[in-house]
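Read through the structure below, which is laid out as structure tokens, and then see the notes.
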């Protein structure tokens, strides 16, 4: 029984729960979809009925003035006005008493000959709702309204996609929840037990699990500890008795006792007291996830919220106005990170996390109540400060509590929380915004931040922070930027990667989606797809690049792929092209992100930069974050001048060019060293 | 209508407060007003619904009023002697009907002349189609002097759009008296709109008689010519000579199968096919509300904006539509006021 076995058991357990849950949610989704379908058609017929009543009332009024139904004027305009308000009414017709059509708009469903039966009929590819028009019990004629079947199918598809998004989110959330409830503790217990067992099997009987929990597993652990205690007690007693005894038999026994001492190691060494294992690290995961999730929710609708709030600002195009709060948020996060890092070392991670969550709470609450662009800017900046604190504190906590051996696992935990939040947040936010509105969705975010604060307050220990060895200093930035290789990496790879990410995901996609008549739910689903690509492909690409080396190729190919997505839109703009854009962006970013970090470390060694690796990473992250900031700005400027399709194309083309430039400059870079894993805003979504 | 209701409500509110403020003032020595206000009322063609609305409103508000009635008998030359009389009688307020009378009493705002015009007594005008165009006020928000009033006409653009919503047109016929300044202003305005809305304006004036005054003689030919030139509507501007000539113009248009679009209630009563208009009675009420603000609330006329009713009635004469085979678009039945009997203008007893 070793640690790996225990881990795989753990994973299998969680996997089993997830599979069961998936099946359950699947059945539930299927059933609710069926229920929805059967309720949908009568609902649509009801609407056709209500609108139809307004039309027939008008015809009846003209008849009341003695105008014959054959002499109506302006039915084309009437039908057009109705169609403008109800685009699903593909066919509208008024017929005489004989059912022969006199006036109509749109194509009649094949098979419609006479309108002479009241009610809803399925004719050809339309649902046709027919109304008799009568004045004082005398029939005047008929009104028919046709709704294409595809409209119903589209609605169904929308609901299906929403359900699917919810399903994915539910799975991720269940995983997070399982981790929170059982995982982190179970993990700690299993790790400790594994270590004890492994040591024992190798003859080291000095270790104890030392955990106090009242569940079944806890009692097993206690028994193991107890058994080891007994063996140790027996060893001590035996030793005492041998020392006091005399005679040949004793001498023989003493000799074999000595070999026993050589073969086994005795003592009492409690693991849990010092184990800062994954379980301990995991305590920061849930609150971090909750907070990031709260922010990610706004991703799919924030630009629309700004648009709704902002009146025109002189000298600035409306597109740029929308970009400003998004930029300011990222700018504040980027600039506040170094200061927050230093501060949290002084006052402790727990306190900074708590303050950050409460600041975020206030930020979201005030954002929900924003009156105009100016106070919105203020509240978003406040939220950004909170975000920066939470991010910095969580990162500091992971660094404090991980040794060199488990640091990468700790960071994976940290990045995992951010990625999952990035996957679930936008889609849930979009669906919520569609149904309860922008402001109410921000209120939901406040609840999440409070929950994050509560979890930290209850679970995160107050421990002294360990000072990191480097902080970003302006002089460092200058030194690094004078290095041409580093400069090339920053300017032609890292910054362009961030620009295309934030300009597409945070700005252009949400706005473009609304411009083609879709809603925040769609934006949320698209952003979710991006995040899923990242979740699954980033580790694969990282491993591959570790094996293959040749990191510049990974970076360049990834970058080129993400840029190529933008160019794709030039070939034809539809929601499906946009889907491809987002997926390509996800794949591209996933391929290039980890190799980029690795390259930084390699450059430090190969270029003999006169500063510590972590200082170099600090500068790297800072510049990268500034790249986040300019993304929406560039997108807004290009959009104002050239429109959506060109904006995607221009930024995409720019990134493809950058990738070529990067590759050419990097060709001569030696490949060496292992992958240092830096604390990245790997998702890009995080500051 | 909503506007009128809210005005009435506002007025009601004011009247309930007025006695209170009156009493509050009593200790300072000002006696409560029992002496009626004297309003010098000048009409242009005798009493109309406007004056009825005006008087009814003030009566309903219990504003004590004594009227000094004068009629210009459609002759602007009779107005200057009234200025002298006003200066002698010193009424509390002067009421003027229509553009010629109003201009005769207050003069254009650019040429103040205390001798020739009334300037130290508040003047409330009514039924002025274009107060800015006629240079009575520099802008509607404030006259900048002792004058305020009510305009009775929807903006020319609104009228053009309403006409197009009934029936699209590329050529618009129009007839007016060449000597009427206010009509010339409106014709210029329509010329501007013709470019903007992409139609052609064919404007004709009435013939002049030997004295150089407009006459109805030959009007049937003018209307027939307009039809022949391709006019699809005959627009009837708020022109006071045209108002008197409706008994000739409207039948001539009907005969030529040319639909008529009226700008005032008078035109609709004279049998025009359609129009967006204010009812004269409501205009009288709004005018009286302004008079009340001046007399009871002691507001300066310059602080009271010149207004028109916010809601106009889209009126359609259905029998004429049937006769011309020009039924209105079905959507107009949602809000139009449908006349089931055609109006008919009679020849005025005395023509100027």
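Figures for the structure shown
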item: Residues that are touching a residue at least 40 places away in the same chain (Cβ under 8 Å) and more than 10 Å from every other protein chain (Cβ to nearest Cβ), drawn from region A:48-62; result: A:48, A:49, A:51, A:52, A:53, A:56
item: In region B:95-104, residue modelled with the lowest pLDDT [restricted to those that are touching a helix residue (DSSP H, G or I) at 6+ places or on another chain (Cβ under 7 Å) and surrounded by fewer than 24 Cβ atoms within 10 Å (Cβ to Cβ)]; result: B:100
item: Some residue of region A:28-42 being part of a helix (DSSP H, G or I), closer than 25 Å to residue A:94 by Cα and away from chain B (no Cβ under 14 Å); result: yes
item: Members of region A:96-119 that are surrounded by fewer than 17 Cβ atoms within 10 Å (Cβ to Cβ), out of contact with any helix residue (DSSP H, G or I) (no Cβ under 9 Å at 6 or more places or on another chain) and more than 12 Å from residue A:142 (Cα to Cα); result: A:107, A:110, A:111, A:113
item: Candidates A:478, A:437, filtered to the one that is without any contact (Cβ under 8 Å) to a residue 60 or more places away in the chain and within 29 Å of residue A:665 (Cβ to Cβ); result: A:478
item: Pair list, Cβ < 7 Å and 6+ apart or interchain, from region A:125-148 residues that are without any contact (Cβ under 8 Å) to a residue 24 or more places away in the chain to residues that are in a loop (DSSP other than H, G, I, E, B) and surrounded by 21 or more Cβ atoms within 10 Å (Cβ to Cβ); result: A:130/A:115
item: Among the residues listed as A:13, A:25, A:18, the single one being surrounded by fewer than 15 Cβ atoms within 10 Å (Cβ to Cβ) and away from chain B (no Cβ under 14 Å); result: A:13
item: Elements of type strands (runs of 3 or more DSSP E) contained in region A:64-132, each with 2 or more residues being within 14 Å of another protein chain (Cβ to nearest Cβ) and over 19 Å from residue A:154 (Cβ atoms); result: A:91-95, A:101-105
item: Residue check for residue B:250: away from every other protein chain (no Cβ under 14 Å) and over 30 Å from residue B:60 (Cβ atoms); result: yes
item: Which listed residue is closer than 26 Å to residue A:327 by Cβ and without any contact (Cβ under 8 Å) to a residue 40 or more places away in the chain, from A:600, A:604, A:638; result: A:638
item: Residue match in region B:281-304 (condition: surrounded by 20 or more Cβ atoms within 10 Å (Cβ to Cβ), within 14 Å of chain A (Cβ to nearest Cβ) and in contact with a helix residue (DSSP H, G or I) (Cβ under 8 Å, 6 or more places away or on another chain)); result: no
item: Enumeration of residues in region A:569-579 that are in contact with a helix residue (DSSP H, G or I) (Cβ under 6 Å, 6 or more places away or on another chain) and part of a helix (DSSP H, G or I); result: A:569, A:570, A:577
item: Failed item in (1) within 17 Å of the chain's Cα centre (by Cα); (2) over 26 Å from residue B:51 (Cβ atoms); (3) in a loop (DSSP other than H, G, I, E, B), with residue B:184 passing the rest; result: (3)
item: Answer residue from region B:331-351, given it is within 9 Å of chain A (Cβ to nearest Cβ) and over 14 Å from residue A:66 (Cβ atoms) and is surrounded by the fewest Cβ atoms within 10 Å (Cβ to Cβ) among those; result: B:334
item: Condition met for residue B:53 (under 15 Å from residue B:149 (Cα atoms) and free of Cβ contacts under 8 Å to residues at least 24 places away in the same chain); result: no
item: Any chance residue B:325 is surrounded by fewer than 23 Cβ atoms within 10 Å (Cβ to Cβ), on the phi > 0 side of the Ramachandran plot and either touching a helix residue (DSSP H, G or I) at 6+ places or on another chain (Cβ under 8 Å) or more than 14 Å from every other protein chain (Cβ to nearest Cβ) (or both); result: no
item: Selected residue [over 23 Å from residue A:502 (Cα atoms), at pLDDT 90 or above and in a helix (DSSP H, G or I)] from A:364, A:353; result: A:353
item: Candidates A:622, A:661, A:657 - the one that is surrounded by fewer than 21 Cβ atoms within 10 Å (Cβ to Cβ), within 25 Å of the chain's Cα centre (by Cα) and part of a helix (DSSP H, G or I); result: A:622
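The values are calculated or read from the model by the stated rules, or taken from the named source; none is laboratory data. Small disclaimer: the values here were computed from a predicted structure and weren't measured. Don't worry about glycine lacking a Cβ; one is built from the backbone with ideal geometry, like all the others, and counts go over all protein chains shown.
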